[in-house]
Structure formats: structure tokens, C-alpha cells
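One structure is given below, encoded as C-alpha cells.
The values are calculated or read from the model by the stated rules, or taken from the named source; none is laboratory data. Remember, predicted model here, so these are calculated numbers, not experimental data. Please note: Cβ atoms are built from the backbone with ideal geometry, for glycine as well, and neighbour counts cover all protein chains shown.
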Amino acid sequence: MTEPLATYTLYDGSEYSVLERPEGPEDALIMRFRLGPDCAVPPPHVHPHTTETFEVLQGEFEVLVEAQWQAVQAGASAAVEPGVRHTFRNHSGAEVVIRNVHDPHHGFEPYIRAIAELSQEFRTTDARSARAAARMAVLWGRHDDLIRPADLPLKLAFPILRAFARIARISPPD
């Protein structure tokens, strides 16, 4: 297996490793995700300009596409087109290893690095405090060309949390 160029570890132990960096803005970022059982689940989101592909190398996990959960086993893959609501989870009881491609990348590596830093700083993968939620909203706002909330509660909450962050001078990691 390819040695990673960088690895970003979330507080729950999930590892997001960069395998191939893009050469230009229209190129793909190729990563390897190692997700433990019951790892953090990202909120449902969309990538407005990016196709995200999950190829399971080991184990099994689930991808939510629109409103339907799909089990994806080793040797299989699932692609999510731009603008499609999705998230993922590992309820298999074992580690899953995924080859993940963001094509084009739209700055996914700096985004996931910042997510890892926030999870380590707050010692959780959940935004359990107003400060953590505000920092997450600002981070998503900074990466609006990459990721946007898919569901109404976050669509409404994030602008309010970003305003709170401006007033309180709260910022995400660089």
C-alpha cells in the first residue's frame, strides 16, 4: 500500500491520509480513510463542484446518498456527484479502509486538516459547545466552494453561528 504524504487524525482515532496531491486546481486529491467502528459521522453535506468516490479496500461501511443508506463492501465503490446530499458511517463493528477521491479537490486537504485540528483541540468529534459549533461554521464558510450543509437546520444555523463567531472573534484553525 502507498505510503501517505500526510495523515490527519481525528480525536476518535479516524485517520485521513493523503496518497496523491493534485498538481492543479482541476485535479483530484486521493486519500485513504481508516475509520474505526462507530467513528464520527459528518453531517449530511454536498460538494457543489466535486465528485466524491469511496472505494472500500477493507471492511464495510455505509454511504448515505440523498435519503438512502447504501452498504459498500470491500471491492465495491460508491460515487457521489456534485450537489448530491451525502455522508458516511461505519457501523460494521470493525475498522474499514477506504480509498477516497475528491475530483476536483477544491481544497479538501486543508479542510480535513482543520477538522482534525478542531477535533483534537476540543477532544471530541462533536461540536458540543457554542464555541466549537461557531468554529465549525466558520470553517465550512471558508470552504464554501468545497462543502455546504445539506439539511435545513445547519443551513439556518451556520450563518447565525458565523455572525456569533465574528462578534466573539472566534476563528477556525488556519
So, of the residues in the range 132-174 that are over 18 Å from Leu10 (Cα atoms) and among the basic types (Lys, Arg), which turns out to be surrounded by the most Cβ atoms within 10 Å (Cβ to Cβ)?
-> Arg162
Say whether the condition of being closer than 17 Å to Leu146 by Cα, without any contact (Cβ under 8 Å) to a residue 40 or more places away in the chain and loosely packed, with under 14 Cβ neighbours inside 10 Å is met by at least one residue in the range 66-81.
-> yes
Before we move on, is Ser129 over 16 Å from the mean Cα position of the chain (by Cα) and in the same structural domain as Leu64 (by TED's automatic domain parsing)?
-> no
Yes or no: Arg113 closer than 22 Å to Pro4 by Cβ, surrounded by fewer than 20 Cβ atoms within 10 Å (Cβ to Cβ) and of a type in the set (D, E, K, R)?
-> yes
Give the residues of the range 118-143 that are without any contact (Cβ under 8 Å) to a residue 60 or more places away in the chain and not hydrophobic (A, V, I, L, M, F, W, C), sorted by residue number.
-> Glu121, Arg128, Ser129, Arg131, Arg135, Gly141, Arg142, His143
